[in-house]
Amino acid sequence: MYSQQATTQPASTVYRIAMKVLFLQKDIFAKPGIMLLSAILKKEGYQADVLIEDLEHNMIGKALEINPDVIAFSITSIEASWMNKISKALRQNYNGPLICGGAHPTYLTKIAMEEEYLDAICVGEGEGALIDFVHSLEKGDDITAIPNLIVRKNGRLFTNKLRPLIEDLDSLPFWDRTIYDKYDILSVPHGGMLSHHVIMTGRGCPFECSYCFNKAYKEMYRGNGKILRRRSVTNVIEEIKELKKRKLSFIVFEDDSFIIPPYEWIDE
């Protein structure tokens, strides 16, 4: 895939090969984080792909065949041992950067960075961090000072501050559900598992239940942005209309708390 860039010489055209990020995951369920990050990468002119180990005969071999510029994971703690095994196997033949985000590195940061095969982990919201990471790699810039990232370089760990929470959720693109269409079991055109769609209309929770991750998340981001955020009604309806163009059975709203005030938003 190539993208064209403007030059000062009209007679000539400069092309760049768009960098590719390959997401790896274990199970067959579509991950919201991967779909959103894929949409953001593509919006910025990069490529994104995904491989699911449970649906591949040789995921490591396929990953090496794709030859991505970056390999990324988005995991919970239950997937950490799997990621460690995959990372170790990849490192035998892959020299590109490995980066991991998701709940595990966000809440168990120290444990996540003990995985010596990872080059970086993302803490908290990863949209801006991943784009900055890929963009810096593309330009050959320093990757050690990117907010939300902890980077391992030359045997040292560089820990960076959190950037403010994304306040305008309407600024984010709709999830890229097409990234999973390569697998028939998930493909919407084939009536796969994604014939039901999950969407989120907001982020954050007003409660502080001790058993839930939201309590720790609010403490982590205290003073660094508004915890409760919501997309506009118009933006949500626009996404629903887009989903209806694809084959679907039903839509699931997977907010932490869908009925939080203001109730005028729900009425609308």
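Overall shape: oblate for segment 98-164, with the ratio a/c of the largest to smallest alpha carbon gyration tensor axis at 1.5 or above and b/c at least equal to a/b. Quick one: Debye curve from the C-alpha atoms of segment 225-268, no solvent, what's log10 I(q)/I(0) at q = 0.15, 0.20 Å⁻¹? Scattering profile of segment 225-268, log10 relative to I(0): -0.47, -0.78. Rounded, prolate or oblate: pick one for segment 145-268, where a ≥ b ≥ c are the square roots of the eigenvalues of its C-alpha gyration tensor, a/c under 1.5 means rounded, and failing that, prolate if a/b is larger than b/c, else oblate. Note, shape of segment 145-268 comes out oblate.
Note on Arg156/Asp184: beta-carbon distance plugged into 1/(1 + (r/R0)^6) with R0 of 45 Å gives a FRET efficiency of 0.50. Normalised by 2.2 N^0.38 Å, where N counts its residues, the alpha-carbon radius of gyration of segment 10-129 equals 1.10. With coordinates expressed along the principal axes, the C-alpha atoms belonging to the chain extend over 53, 47, 43 Å, beginning with the largest.
Sequence-ordered 3J(HN,Hα) estimates for segment 255-265 from the Karplus curve with 6.51, -1.76 and 1.60 and θ = phi - 60° stand at 5, 4, 8, 5, 9, 5, x, x, 6, 4, 5 Hz, glycine and proline given as x. Between Ile266 and Asp54, the FRET efficiency estimated from the beta carbon spacing at R0 = 51 angstrom works out to 0.85. Let me know the shape class of segment 54-198, please: from the alpha-carbon gyration tensor, a ≥ b ≥ c as square roots of the eigenvalues, rounded when a/c is under 1.5, otherwise prolate if a/b is greater than b/c, or oblate. Here segment 54-198 falls in the oblate category. Over the chain, dividing the summed -39,500 (n - 2.57) contributions of all DSSP H runs of at least 4 residues by the number of residues returns a 222 nm mean residue ellipticity of -8000 deg cm²/dmol.
Put Thr201, Thr178 in order of accessible area, highest first, and with a 1.4 Å probe you get Thr178, Thr201.
On a per residue basis, the chain carries 53 Å² of accessible surface, using protein heavy atoms and a 1.4 Å probe. Considering every alpha-carbon pair of segment 27-71, the percent of pairs per 5 Å bin, from zero through the bin containing the longest distance, is 5, 20, 26, 23, 21, 6, 0. A simple charge model with +1 on the Cβ of Lys and Arg, -1 on the Cβ of Asp and Glu and nothing else charged puts the dipole of the chain at about 340 debye relative to its Cα centre. Converting phi to 3J(HN,Hα) with the Karplus coefficients 6.51, -1.76 and 1.60 and the offset θ = phi - 60°, segment 132-143 yields 4, 4, 5, 4, 5, 4, 4, 8, x, 7, 5, 9 Hz in sequence order, with x at every glycine or proline. Restricting attention to segment 103-239, lysine pairs at least eight places apart or on different chains and with alpha-carbon atoms under 24 angstrom apart total 12. Taking all protein chains as they are arranged and a probe of 1.4 Å, the heavy atoms of Asp142 leave approximately 90 Å² accessible to solvent. Here the accessible area is traced with a 1.4 Å probe on the protein chains. For the chain, carbon and sulfur cover 54 percent of it.
Phi-derived couplings, Karplus 6.51 cos²θ - 1.76 cosθ + 1.60 at θ = phi - 60°, listed residue by residue for segment 77-92: 5, 5, 9, 5, 5, 5, 4, 4, 5, 5, 4, 4, 5, 5, 5, 5 Hz, with x used for Gly and Pro.
Here's the picture: charge each Lys and Arg Cβ at +1 and each Asp and Glu Cβ at -1 in segment 58-190, and of Phe73, Met113, Thr159 the one pushed furthest to the positive end of that dipole is Met113.
The values are calculated or read from the model by the stated rules, or taken from the named source; none is laboratory data. It should be emphasised that the depicted structure is a prediction, and the values quoted were computed from it without experimental measurement. Using ideal geometry, Cβ is built from the backbone for each residue, glycine included, and neighbour counts are taken over all protein chains shown. Surface areas here come from the heavy atoms of the whole protein model, side chains and all, with no ligands, DNA or RNA. Shrake-Rupley method; radii C 1.70, N 1.55, O 1.52, S 1.80 Å.
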